[in-house]
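J.: Okay, here's the structure, questions in a sec.
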Amino acid sequence: MRELLGTFRGDYANAGSEAYGIAPADVTITSSAQLSATGSLITQSWTSVPKGNSPEKAFEAHVVYSYDPSSGRIIKQYQTSTGVSVKGTLILWQNRKLLWERSGDTPRGPMYELCLYDFSDAGTFKHVILKRTLNGKVVDVNEDPIVLRRVK
């Protein structure tokens with residue numbers, strides 16, 4: 001999980017997302033994550049600002065990662081600026097790739113995702129949605145991988 005720490009940034013041609021309530025736009029994404037003072041939590045902010053717009057038009061997600069002793073797994077929970085609330089479980093961690101199973105509530109109904117965090121290239125955070133459903137139907141299937149580069 002330490003690969004996630006620090007700040008990553010990149011530009012992305014966002015096709016929009018029905019599940020997250022995001023309109024299509026060219027955006028700059030910044031992901032910043034830090035370890036808590038106790039070393040037991042990671043907090044992350046994910047901010048996507050449409051090009052030529054002010055930060056007030058951004059899509060934001062705020063995430064907390066922790067260890068769940070009852071399941072023996074790493075979990076994450078996040079809330080977005082569009083009203084989406086999600087809980088995820090790390091289901092596979094191999095070769096600097098982390099596969100998350102996530103589900104939650106959106107203003108448009110229940111959502112389920114498989115999401116890959118790929119840190120296999122040094123200094124790069126690749127975020128890939130492998131599957132997403134909304135109300136049991138596949139959505140946002142044309143979403144391209146998001147590639148962010150470490151800036152600090």
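J.: Based only on Cα atoms, what Rg/Rh ratio does the chain have, Rh being taken as Kirkwood's radius?
T.: My calculation puts Rg/Rh at 0.94.
J.: Relative contact order, percent, of region 31-74 when contacts are C-alpha pairs under 8 Å separated by at least 6 residues?
T.: RCO, region 31-74: 32 percent.
J.: Do the alpha carbons of any pairs in K57/K152; K126/K152; K76/K97; K87/K131; K57/K87; K51/K97 sit beyond 21 Å of each other, and which pairs? Working shown, then result.
T.: Values: K57/K152 25 Å; K126/K152 16 Å; K76/K97 16 Å; K87/K131 16 Å; K57/K87 25 Å; K51/K97 29 Å.
In this structure, K57/K152; K57/K87; K51/K97 lie more than 21 Å apart at Cα.
J.: Would you mind calculating the gained length between N95 and N142 on full extension (0.36 nm times residue separation, minus the Cα-Cα distance), in nm to one decimal?
T.: Computed gain between N95 and N142 is 14.3 nm.
J.: Can I ask one more? Using θ = phi - 60° and the Karplus form 6.51 cos²θ - 1.76 cosθ + 1.60, what ³J(HN,Hα) does each residue of region 11-20 get, whole Hz, x for Gly and Pro?
T.: Result, ordered by residue: 9, 8, 8, 6, 7, x, 8, 5, 5, 9 Hz.
J.: I would also like to ask the following. Over region 24-134, what is the mean sequence separation of C-alpha contacts under 8 Å (at least six apart), divided by residue count, expressed as relative contact order in percent?
T.: 13 percent
J.: Another one. Charges only on Cβ, +1 for Lys and Arg, -1 for Asp and Glu: so what's the dipole of the chain about the Cα centre, in debye to the nearest 20?
T.: Using only the charged Cβ atoms, the result is roughly 320 debye.
Bear in mind that the values in this text are calculations on the coordinates, not laboratory data. From a predicted model like this one, the values you see are computed outputs, not experimental measurements. Cβ coordinates were reconstructed from backbone atoms using ideal geometry, including for glycine residues, and neighbour counts include every protein chain displayed.
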